[in-house]
Number of protein chains: 4
Amino acid sequence: MSTELLRATRARTLALAEPLSDEDAQLQSMPDASPAKWHLAHTSWFFETLVLQPHLPGYRVFDERWPRLFNSYYESLGPRHARPQRGLLSRPSLAEVKAYRRHVDAALADLLPFAPAAARALVELGCHHEQQHQELLLTDILHAFSCNPLLPAYQAGRPAAANAPAQRWLQHAGGIVDIGHAGAGFGFDNEGPSHRVLLEAFEIGNRLVSCGEYADFIAAGGYREPLLWLSDGWATVQAQGWQRPLYWQPDGSVFGLHGAQALDPDAPVMQLSFYEACAFAEWAGARLPTEFEWEAATALQGFEQAADQAWQWTRSAYSPYPGFRTAAGAVGEYNGKFMVGQQVLRGGSLATPPGHARPSYRNFFPPAARWQFSGLRLAR
Amino acid sequence: MSTELLRATRARTLALAEPLSDEDAQLQSMPDASPAKWHLAHTSWFFETLVLQPHLPGYRVFDERWPRLFNSYYESLGPRHARPQRGLLSRPSLAEVKAYRRHVDAALADLLPFAPAAARALVELGCHHEQQHQELLLTDILHAFSCNPLLPAYQAGRPAAANAPAQRWLQHAGGIVDIGHAGAGFGFDNEGPSHRVLLEAFEIGNRLVSCGEYADFIAAGGYREPLLWLSDGWATVQAQGWQRPLYWQPDGSVFGLHGAQALDPDAPVMQLSFYEACAFAEWAGARLPTEFEWEAATALQGFEQAADQAWQWTRSAYSPYPGFRTAAGAVGEYNGKFMVGQQVLRGGSLATPPGHARPSYRNFFPPAARWQFSGLRLAR
Amino acid sequence: MSTELLRATRARTLALAEPLSDEDAQLQSMPDASPAKWHLAHTSWFFETLVLQPHLPGYRVFDERWPRLFNSYYESLGPRHARPQRGLLSRPSLAEVKAYRRHVDAALADLLPFAPAAARALVELGCHHEQQHQELLLTDILHAFSCNPLLPAYQAGRPAAANAPAQRWLQHAGGIVDIGHAGAGFGFDNEGPSHRVLLEAFEIGNRLVSCGEYADFIAAGGYREPLLWLSDGWATVQAQGWQRPLYWQPDGSVFGLHGAQALDPDAPVMQLSFYEACAFAEWAGARLPTEFEWEAATALQGFEQAADQAWQWTRSAYSPYPGFRTAAGAVGEYNGKFMVGQQVLRGGSLATPPGHARPSYRNFFPPAARWQFSGLRLAR
Amino acid sequence: MSTELLRATRARTLALAEPLSDEDAQLQSMPDASPAKWHLAHTSWFFETLVLQPHLPGYRVFDERWPRLFNSYYESLGPRHARPQRGLLSRPSLAEVKAYRRHVDAALADLLPFAPAAARALVELGCHHEQQHQELLLTDILHAFSCNPLLPAYQAGRPAAANAPAQRWLQHAGGIVDIGHAGAGFGFDNEGPSHRVLLEAFEIGNRLVSCGEYADFIAAGGYREPLLWLSDGWATVQAQGWQRPLYWQPDGSVFGLHGAQALDPDAPVMQLSFYEACAFAEWAGARLPTEFEWEAATALQGFEQAADQAWQWTRSAYSPYPGFRTAAGAVGEYNGKFMVGQQVLRGGSLATPPGHARPSYRNFFPPAARWQFSGLRLAR
């Protein structure tokens, strides 16, 4: 773990919050999303609770009343403020939360030069944890802004025009492949143990499905044809009245970090649920890849848009790898307890911090979730 | 309508928002409550829409996109931002809303010297409307703060110690009484037409029920004895797990504008639902007065705490008076359309603006509502 | 109380259940409705629990496990099977419930010749209670049948053609009137105490609003115009997608005891909620009468369709009369605890047992309830 | 497909319904369960719609109004009566549904001697489909009876005492194994295509977890320790107040086909959700097997209670096998569209028809489902 990683990570989080007013930073638009201010505080609480309290002698907790506010879901770390009510915390203020960050940063600076390996490993985990929240900060503020009829823009300017390569199928011969994280670099526990998987031969798209292609699916009546959908998906389409991706506006524009912009047919389609991804694939005479196919395919020549545009729904449910055991203590709650009812996404997105993702990385969300930078790549 | 009323009302609203940070002013803790910022904007929208647009030639709407954000419930005035999502409006900012207020104030200042009587009447209505929102601003921010485990105080200091007079029964002989608003001063449409009501003789308490008396009811098992409760009330007690008034804390303190404070047994009990008020009265061998009894009783010698402590639930459902007709246009939506499913409260509270209430004043809330400054006075 | 009333009442309940199969008798189509079999058993439980157990020495309870199944809502009489699950009681069978009825009937026959006055009064109450359930048995089975796409008919044949007199306004001069039940005959506790009410002069329709008139309201867009509706009513119209009365079918027919039949424009409109009744009245430039106006108007020359067609929503919320006190014990739960959140209906319907209703009779249902034989009479 | 299979299957369904009264046969205790009468009709509708209408010239549909009542979930076969309202169909009667069965049986008898292979394949599918509903008929009536405080017994007598072999671990060396259905016999589409899977070495229990072992888990506080549970599981435990398996009674007895019986510590624990199975395994220091491990383990010496006691939750989400494609037409809706949000169960239960299950058989239910004969076998 490099000290530079910690410094850069902590600084980047603050920079991401820079365009937000105090009011923006408090927005919580649904129980699944959190306020930006909460992300800023929670990531600090993580270092305070898992690193500083056990490893820095004499560390003074910034405010004894705060841990219950900023513990996300760790049952082993005490009671928690109810998740759907994070947006009701006008106090502490954004300024106070920033002071909290400085307090934690200073203590980490004290600790690091003398930190034992176990502590350094936890600091590294804390950095990768904070990077995850960096992306969530963006997806969550975007969702909140999408609920405001004024459709505020997080960022000025316009997105760069997309440049979609021609769609073609890449061939994979199948066979036994190595799956999961191995080697010296950082990996989350859910990426291991590294193990072998036997694949049948398959084909996979060289790039993501584009907005133009998805618009064709809509125009062909994709949202009105039940036979294209998984049963749960069709029920959701009807119950929620889905007619297009989450941020596609009735006027034809697409909402994003730059506010509402004209739809770019070459840009990858995003803010899709797993259900929509499956229905599109069915309509296109294809399917989604499994997470193992996806990981194996990253080594293929011509595999584009791997991790820089949108996370890619896979046909794999989020399950433990053979031999997976959760760690003892709070860290064991990090990933394992979510391994049911979710689908794996692979890759990375335009909102993923640089250097955060890797081919073995396993992102996961429930199949109806739509507010992430989530798209799809076809297989067959 | 005096120009001074307008000036004072507009200034007082701003003063009430003064202790609030930008983040506080955006809090919405439940669909029934609104952010302080929204109250500031909505009361300005009311003047803009009902007074300035029809009556001030050349008036420029401050922002064409805002009326849909700040229309509360007027179907005749176009589409509205969904009520439960008022807390998601980080934009416009509090500063922008204050600029909106100045814009409207300036236009009203232009209009008033030359305003026709119809316009002046609407300005007067707008002032009384804004006074209602002043109380709601306080009840709503108090509810929001009560959802924060830190229990922030709106106001520094401590409340003045209460001074409860001895409880005694005042006698009213019954007979035909005049009910409703009459005469030259302002009254809302729901206070009329003035009419006669025939009352049986009754007795009414000289003051409100105190916290000490209510604590006895709790200690006697009041929240566990179904026979004391209306059927809907008992169902609510069980479904919501009610055990004490909304702001009474498990540690024995009572939350209020000054934060959590020691319970004052002489202070009137507040933040009660109609259901709780009825159950207490049943336990005390008494009942709630009707709104007509209450209004008639205000003339009795010794009738204390009429309008300065807490609104008083009555046994009367909120219904139209004989001959009541709603006005044409948007103003007609002000009161009449809510005349079902609610109970009348009479009096006024410590949060009611000075001069706002009067004996004929009819406040109303659903029977399960608890977040108002609402208590009770017994009758029999 | 005449022995003949008991005999006739008990026999009539059985006769009403005669057209029903065992399967029909078990249907529960919503929490507010009960299976016919349950009505048969509950009315017997009422006699067993309130009359036979306290007053017939040596009475043997038919089955010790049944009281909890057939207690409706009496908190003072022990735990109860959850109301929404009454339709899950395939056991006891209809045949067993009929045996229960015979057991109770035999015991009542033993008791009556020697019954003290208090017991005879409870038997009389039990008869009127059972008559109420006779109407509910019909409204509930009708609702259940309406949920079956086959739309089964409870009764063969066709309803008699209606004969609507010309609509005209009857005048009432107002003044002090006597309201409530007085004299020797039976009356429920909620009809008293008899007392005086001061009325303003008013006009009231000589008959009920007809299906033809209501069809005009629909054709004029009544279900699409928010300004005609109470706020809660309009919210319900939108949430439930109401477009016509509950049993009016999309094909223009009207479902009823005889199955789906052609709409008869002269027949009174029924299966209306209070909200719909109010919206119609608003559209017609009129209003609903209060329950006091209604009661006073029954004495007017030309007041037709008083109690033989449909219950008539009034503008009065269901509240206690001056001096009303609930009785001690379980009987006290009969009416008083429902006195909030409901509107009073007056009159009687084609499903009301002969002799059951009277001018002082107060029926009551929540404002959104639609499955009763409930219509309206205009006032102004 | 043998004619005998058809005859025996159809007869067995009727025999299973024999202990049920008309009232029992109509019970629907939750949206996920269906009335026995509906199962009787739906299985006939399946033959009528998929076999007789396309393949028997001149076939007369029994009642043109019924297909919409008894179509379960086939979007391609027209509109359907809402699933949660199946219990409201008192008409057609049980007798009429039995006549429907005879009508369909007679037509199938006419068809079979001359049926083309495609038709015979559909008849075979219909038989296996009906066998699935035989088990559901039992699980559904059992759930309905469990909601009746009288706890009726489906069957007289007592269950045979269980005989649990000593628990021991069976070893599997891992490697490439063949998974899925292959060969001549019948298999559902979701069991194929047959393919190879690479397994790590593992151990698996020789028998199911017993009631005695599960009681130890409860006594050890298993339902109160969040760290044993998946996150969704713990949320469900809290929201539903789970404290023991679905049919374990507070008095220590266990409800089942023979009514409430004393808990047999040697009998396999059943009516467990996936969440409970996982929590138990975690507590026991083990895990659930994957469906592939389970299938491979059936070949091990000493693998007991494979398919005769309880279905066995696996750690595998229900996903398509490599190369799986749904068939064209309605048959394609049979399995594929449910391949998300569910967990695979393997084996078979005491309620599974003889000859129905096989090692490649994939049963599936959502992770919170508890009303099946579902237990668990440990792995590690």
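Laboratory data are not the source of any read-out in this text; all were calculated from the coordinates shown. This structure is a prediction, so every number in the text was calculated from the model and none was measured. Every residue, glycine as well, gets a Cβ built from its backbone with ideal geometry; the counts of neighbours run over all protein chains shown.
Brief remarks follow.
- For the range B:72-79, backbone phi angles converted through the Karplus equation (6.51, -1.76, 1.60; θ = phi - 60°) give residue-by-residue couplings of 7, 8, 8, 4, 6, 10, x, x Hz, Gly and Pro being listed as x.
- Distant-in-sequence amide contacts of C:F364, defined by a placed amide H-H separation under 5 Å and a gap of 5 or more residues or a different chain, comprise C:L345.
- Available extension along the chain between C:R7 and C:Q240 is 79.6 nm, counting 0.36 nm per residue and deducting the alpha carbon span.
- Put a plus charge on the Cβ of each Lys and Arg, a minus charge on the Cβ of each Asp and Glu, and nothing anywhere else: the dipole of the protein assembly as shown about its Cα centre is then about 0 debye.
- Shape call, the range C:3-146: gyration tensor on alpha carbons, a/c limit 1.5: prolate
- Pairs of Lys residues in the protein assembly as shown, spaced 8 or more positions apart or belonging to different chains, with C-alpha separations under 27 angstrom: 18 in total.
- Of the GluC sites (Glu not before Pro) found in the range C:209-313, no site is in coil according to DSSP while having at most 12 other Cβ atoms within 10 Å of its Cβ.
- Karplus-derived 3J(HN,Hα) values for the range D:358-366, using 6.51 cos²θ - 1.76 cosθ + 1.60 with θ = phi - 60°, are 7, x, 8, 5, 10, 8, 7, 8, x Hz; glycine and proline are entered as x.
- Alpha carbon centroid spacing (whole Å) that separates the range C:208-242 from the range A:250-320: 46 Å
- For the protein assembly as shown, diffusion coefficient by Stokes-Einstein and Kirkwood Rh (Cα), 25 °C, 0.890 mPa s, µm²/s: 67 µm²/s
- Here is how far apart the D:P31 label points are across copies: 1.5, 1.6, 1.9 nm, shortest first, using a point 7 Å from Cα toward Cβ.
- Cα gyration tensor category, rounded, prolate or oblate, for the range C:1-73 with a/c compared to 1.5: oblate
- Label-point spacing at A:R224 relative to the other copies reads 2.0, 5.7, 6.1 nm, in ascending order, each point sitting 7 Å out from Cα along Cα→Cβ.
- When +1 charges are put on Lys and Arg Cβ atoms and -1 charges on Asp and Glu Cβ atoms, the dipole computed for the range A:169-375 relative to its Cα centre reaches about 460 debye.
- Within chain C, all pairs of alpha-carbon atoms sorted by distance into 10 Å bins from zero give the percentages 5, 22, 32, 26, 13, 3, 0.
- Every Cα-Cα pair of the range D:321-372 was included, and the share exceeding 12 Å stands at 72 percent.
- The angle between the Cα long axis of helix D:36-47 and the longest principal axis of the Cα atoms of chain D comes to about 60 degrees, rounded to the nearest 10.
- Relative to the Cα centre, the charge distribution of chain B, modelled as +1 at Lys and Arg Cβ and -1 at Asp and Glu Cβ, gives a dipole magnitude of about 520 debye.
- Degrees, to the nearest 10: D:117-146 long Cα axis against longest axis of chain D: 60 degrees
- With neighbour counts taken as other beta-carbon atoms within 10 Å, the residues A:L94, A:L111 rank, fewest first, as A:L111, A:L94.
- Using only the C-alpha atoms, the convex hull of the range A:169-375 corresponds to 138 Å³ per residue.
- Rounded to 10°, Cα long-axis angle of helix D:274-283 versus longest principal axis of chain D: 20 degrees
- Calculated P(r) of the range B:217-275 - Cα pairs past 13 Å, %: 65 percent
- The range C:137-274: C-alpha gyration tensor shape, a/c 1.5 cut-off, then a/b vs b/c: prolate
- Our summary gives the range A:3-146 a relative contact order of 41 percent, counting only alpha carbon pairs under 8 angstrom and 6 or more residues apart.
- In a DSSP loop and with at most 12 other Cβ atoms within 10 Å, the GluC sites (Glu not before Pro) in the range D:42-132 are D:E64.
- From its DSSP helices (H runs of at least four residues, each -39,500 (n - 2.57)), chain C gives a residue-normalised ellipticity at 222 nm of -9500 deg cm²/dmol.
- Residue exposure sequence - A:M30, D:M339 - by fewest surrounding Cβ within 10 Å: A:M30, D:M339
- Relative exposure of D:S319, B:S2, judged by other C-beta atoms within 10 Å (fewest first): B:S2, D:S319
- Checking every one of the trypsin sites (Lys or Arg not before Pro) in the range C:38-109 against DSSP loop status and a limit of 13 other Cβ atoms within 10 Å picks out C:R60, C:R65.
- Each of B:L345, B:N163, B:L227 was scored by the projection of its Cα onto the charge dipole of chain B, and the greatest displacement toward the positive side belongs to B:L345; charges sit on the C-beta of Lys, Arg, Asp and Glu.
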